[in-house]
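Asker: Mind having a look at this structure? Questions to follow.
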Amino acid sequence: MFSLKRLTWRIAAIVAFVAVVATGVQPAFATHLRGAVGTIVYDAGAKTVTVTSTMVERKDACLQSSTSSAIGGTQPSGSLCTFFGFPTMTAVNHTTGAVVATVTKCSGQATTPASWSYDSDSEPLYNVFTTTYVIDVACPNFNPAFDYVFSQTGSNRIGGIKNTTNQVIQFQGRVNFNSSNASPMYNSGYMTNVAYVDPTVDPNYVFSTNLNALDSTGKSVTYSLVTSSAAALDGYGASRIPCSDLNTSTGEFRIGYSLCTGTDNYSASFSGGTAALPIYWALKTRATDSLGQYVTRDVLLSFASSTTNHSPAITNDAGASSISVASDAVQDVVFTGTDPDTGDTLKFSTNTLPSWATFTPTVAAGGQTPQTGTLHINATGISSAAFTFQVSVSDNAPFPLSATSSLSVLIGTAMLPPGAPGRPTVTGNGSSTTLTATYTAPTTGGPVTNYQAVATPVGGGTSITGPLCAAPALTCTVTGVSATTLYTVVILAINSAGTAQSSPSLILQPVLAISPSTISLTVNSAMASGLYTLTNQVPTVPITSYTITGLPTGLTYNSTTGAISGTPTSTGSSTVTITGSS
């Protein structure tokens, strides 16, 4: 007899490199073309739910010039093409989230907005339309024993979104009726200049933004992609955007060639769009608190090539990404925006500022560059606070481009959580009881005190956490792993304010499993088929050929399927090595 006692794998890769010399070539850019965020608040005393949803559209995404009374009030000329009407309402089990019933409107329930506003001025790239519905829940349709989900869908459609068949913009949220509660709330900041950069020019470029959801009562928030495409509860989802990842703990969303996994094709996914015929991708995410309450953020990204317009640039005179300000101190930071295109005008915008800061642009004649703006920080009476300011400058091109400068300000003893470390490179995977992970330091957030590596078996299983690695170390180890198991590894960046997690290490090789691991044959009798099975545990990296060594005399193998056949002609025991290559 012979034994298939030991199984090894390897990957054979042939990579062709093409030299590209590019002079003055501009990358393709994407922008947050359209999207929706919102909040849901339940007031137990007033017996009302207030659903506030905000629809944003880039100004060049909707050129409507007529008025409309479709939502119960006349919209001003030039208002949004997309708006939300009265939400659908669904009762769900408080514990499991299972649907209990669809709730119909109560008799006399007002289905027009309690208030709405149209803002075309505060953002240089976007029109912002906010609608508030106040819903009476004191009628028999509602039962405080359940949670309730409120859903709204947009009034128009866009064809050709690559990662979903549903062409709508949606807002949805869930709130708990057991007491006065509120859903989490997303930062309504926008995504601009999500650049496609030719990987032969810069393979390490990664666009990064943070979804920044908060809970007003301090409950923890986690993030997830909304992927269901059914037009029902949790519906109108979209599959993951290629070459991207979402940190479920911190809300950091990234796109870049280095983030491609499996069958992702970076070039085919993002290059080739034009201002007239862009490439559309949908990003649909959910922020959930510890009570199961959630809200969604729905973003449509529009990719288009830019061959004539150049991005502006922005700098600040602090000369750093983070500064410290003493309690009771006052400090100014000047931001300067420039643009290489003659005739372009620039406009500043910021994220929502805390009460202790203001931003004042100094507008040059005719809006010509350079432009400057002053961030005024007044820490009077503040002993400890932390905030990351984002100051953007945008040009006035048909497909507008922008640049953003982020500045973290720490007052007194405050500290920001660290940003996400770079995706680790792992050695020792599948061949050693110790894994070594090498990574890059975060480029955002507060200083890191310690790093830590966590290894998780491919295909599931118990994770193994390595020891703390004191910063600035950029290599961590995990010991006690199985030498015959493949792992993915993430790196944690830790300080006293929080923890951020890297993307998992890439698995570029197939993982081959065999069952059973030992078989017995009879000399001079043909080997029966189906005595064992080979399984590739990483199906996104298909095995294209097999090599088998150590076979007893009389047996052969199929290099395409890995199947062994034939008639053994001698007795004995053999260790057979099966190698699957991709």
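The values are calculated or read from the model by the stated rules, or taken from the named source; none is laboratory data. Please read all numbers here as calculations on a predicted model, not as lab measurements. Cβ: placed from backbone, ideal geometry, glycine included. Neighbour counts: every protein chain shown. SASA here: full protein model, heavy atoms, side chains in, ligands and nucleic acids out. Shrake-Rupley method; radii C 1.70, N 1.55, O 1.52, S 1.80 Å.
Asker: Which of [x] 29.6, 103; [y] 29.5, 98; [z] 28.2, 95 is the computed Rg and Dmax of the Cα atoms in Å for the structure on display?
Answerer: Identified label for the calculated read-out: [z].
Asker: Still on this structure, I have one more. How high is the FRET efficiency between THR544 and THR462 when r is their beta carbon distance and R₀ equals 25 Å, given to the nearest 0.05? Intermediate results must be reported in sequence, preceding the final value.
Answerer: Values: r = 32 Å, r/R0 = 1.28.
The calculated FRET efficiency here is 0.20.
Asker: Could you work out how far apart the two model spin labels at SER327 and SER355 are, taking each label as a point 7 Å from the Cα in the direction of the beta carbon, and quote it in nm?
Answerer: According to this spin-label approximation, the distance is 1.7 nm.
Asker: Ok, one more. Return the percentage of antiparallel bridges among DSSP beta bridges fully within the chain, rounded to the nearest 5 %.
Answerer: 95 percent
Asker: Now, a different point. Once neighbouring chains are kept in place and the probe is 1.4 Å, which whole percent of the accessible area of the stretch 105-188 is contributed by carbon and sulfur?
Answerer: Answer for the stretch 105-188 is 47 percent, counting heavy atoms of protein chains only.
Asker: Quick one: which of 99-110, 433-444 comes out on top by average Cβ neighbours within 10 Å, and what's the full order, highest first?
Answerer: Put in order of decreasing packing, that is 433-444, 99-110.
Asker: Restricting to DSSP H runs of at least four residues, report the calculated mean residue ellipticity at 222 nm for the chain, -39500 (n - 2.57) per run over all residues, nearest 500 deg cm²/dmol. Don't jump to the answer; show the numbers that get you there.
Answerer: On the way: 1 runs with 5 residues, N = 582.
Rounded to the nearest 500, it is 0 deg cm²/dmol.
Asker: OK, next. With a 1.4 Å probe and every protein chain left in place, work out the accessible area per residue of the stretch 539-582 in Å², rounded to a whole number.
Answerer: Normalised by residue count, the accessible surface of the stretch 539-582 is 47 Å².
Asker: Under 16 Å from a point placed 7 Å out from the Cα of ALA230 along the Cα-to-Cβ direction: which residues of the stretch 279-297 have their backbone N that close?
Answerer: No residue passes the distance filter.
Asker: Here's a follow-up. Given R₀ = 45 Å, FRET efficiency for TYR205-ASN524 by Cβ-Cβ distance, to 0.05?
Answerer: My answer for the efficiency is 0.10.
Asker: With r as the distance between the Cβ atoms of ALA313 and THR433 and R0 = 56 Å, compute the FRET efficiency 1/(1 + (r/R0)^6) and round to 0.05. It would help to have the intermediate numbers written out before the result.
Answerer: Details: r = 49 Å, r/R0 = 0.88.
Given R0 = 56 Å and the Cβ-Cβ separation, E is 0.70.
Asker: Here's another thing I want to ask about it. Report the paramagnetic label zone for THR425: residues of the stretch 452-472 whose backbone N is under 20 Å from a point 7 Å from Cα along the Cα-to-Cβ axis.
Answerer: Within reach of a label on THR425, which here means backbone N under 20 Å from a point 7 Å along Cα→Cβ, the stretch 452-472 contributes 452-455, 472.
Asker: Regarding the stretch 480-582, what are the three Cα extents along the principal axes, ordered largest first, in Å?
Answerer: 70, 28, 19
Asker: Still on this structure, please answer the following. Straight distance only, please: which aspartates and glutamates reach the Cα of LYS284 with their own Cα at less than 16 Å, same-chain residues fewer than 8 apart left out?
Answerer: The qualifying aspartates and glutamates are GLU57, ASP234, ASP245, GLU252, ASP298.
Asker: Using a probe radius of 1.4 Å on heavy atoms only, what accessible surface per residue do you get for the stretch 448-503? Whole Å² is fine.
Answerer: Spelled out: the 1.4 Å probe surface of the stretch 448-503, per residue, equals 41 Å².
Asker: Could you rank the peptides 561-567, 403-409, 91-97 by their average count of other C-beta atoms within 10 Å per residue, with the highest value first?
Answerer: Ranking, from highest mean packing down: 403-409, 561-567, 91-97.
Asker: Using θ = phi - 60° and the Karplus curve 6.51 cos²θ - 1.76 cosθ + 1.60, what whole-Hz ³J(HN,Hα) does each residue of the stretch 514-526 get, with Gly and Pro shown as x?
Answerer: So the J values, rounded to whole Hz, are 10, 8, x, 8, 9, 9, 10, 10, 9, 4, 6, 10, 4.
Asker: Right, another one. Give me the percent of the accessible area of the stretch 337-492 that comes from carbon and sulfur atoms, probe 1.4 Å, all protein chains in place.
Answerer: Here carbon and sulfur together make up 56 percent of the probe-accessible area.
Asker: Over the stretch 268-417, with the other protein chains present, what is the accessible area per residue in square angstrom, probe 1.4 angstrom?
Answerer: Per residue, the stretch 268-417 has an accessible area of 41 Å².
Asker: Right, here's the next one. What Rg and what Dmax come out for the stretch 141-294 when only alpha-carbon atoms are used, in angstroms?
Answerer: Cα-based Rg and Dmax for the stretch 141-294 come out at 17.5, 60 Å.
Asker: Give the share of C-alpha pairs in each 10 angstrom bin for the stretch 380-509, from 0 to the last occupied bin, in whole percents, shortest bins first.
Answerer: Whole-percent P(r) values from 0 Å outward: 12, 34, 24, 17, 11, 2.
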